[in-house]
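See structure below.
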Amino acid sequence: MLNTDNLAWEKMNGLIPAIVQDAYDGRVLMQAYMSREALEHTLDSGRVTFWSRSRSELWTKGETSGNFLELVDVIPDCDNDTLLVLARPEGPTCHLGNDTCFESSEPFNTRLEFLAHLERVIQQRDRDRPEGSYTTKLFEAGVKRIAQKVGEEAVETALAATAGDREELLNEAADLLYHLLVLMRNRGETLAGLVETLEHRHGG
């Protein structure tokens, strides 16, 4: 449990910088400032709240746009003068409509970030079912067809590995991973749940 009394409020006249990170894929979403009241409101409400230096008032991220930041955890740094806020974003974080306030010329700041993006795309396809989408066709075909595709891609991945063809192996493994994500979505599971299972096994 975070003890707000241990934080170095006096260093910046009652404010502490807060860096918000996506608790799921690690993206840095934004940076703002928290007062003691803002932090306590965040902890009590579960929605990330800051202190506006320009308006001199509390503001909960998303209260106007609806793009709230659902709190996961708050971690102080070693000097107790900066906060790392882990959150789940509900929509774009930046007021410009971008996912983060730190948009890069690169589509993804880390390669593994793309997996989380791919999962979000698959989830969106499942919700919207756009016409002509291969993913839509899979969801409409049902779990048996999706599972069949996972099995087919697994066999083709194994054959490519046996043949020693690197490019073919990567292509087939990519197909396998995509269809596996679709299957997991169909069954209500997520990458986060898969990672949690791996973590438990590693801990054992």
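The values are calculated or read from the model by the stated rules, or taken from the named source; none is laboratory data. Model, not experiment: these values are computed from the prediction. Every residue, glycine as well, gets a Cβ built from its backbone with ideal geometry; the counts of neighbours run over all protein chains shown.
Scanning the range 166-199 for residues that are polar (S, T, N, Q) and not in a helix (DSSP H, G or I) turns up just one, THR190. Check the range 40-59 and report whether any residue there is surrounded by fewer than 19 Cβ atoms within 10 Å (Cβ to Cβ), within 28 Å of LEU191 (Cα to Cα), modelled with pLDDT under 95 and under 22 Å from the mean Cα position of the chain (by Cα). Taking every residue of the range 40-59 in turn, none turns out to be surrounded by fewer than 19 Cβ atoms within 10 Å (Cβ to Cβ), within 28 Å of LEU191 (Cα to Cα), modelled with pLDDT under 95 and under 22 Å from the mean Cα position of the chain (by Cα).
Condition check ((1) touching a residue at least 12 places away in the same chain (Cβ under 8 Å); (2) surrounded by fewer than 14 Cβ atoms within 10 Å (Cβ to Cβ); (3) farther than 26 Å from GLU90 by Cβ) across all residues:
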position	(1), (2), (3)
GLU113	yes, no, no
ILE122	yes, no, no
ASP126	yes, no, no
PHE139	yes, no, no
GLY151	no, yes, yes
ALA161	no, no, yes
GLY164	no, yes, yes
GLU167	no, yes, yes
ASP175	yes, no, yes
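Having 2 or more residues that are among the hydroxyl-bearing types (Ser, Thr, Tyr) is the bar; report the strands (runs of 3 or more DSSP E) wholly within the range 1-85 that clear it. So the answer is 28-35, 49-52.
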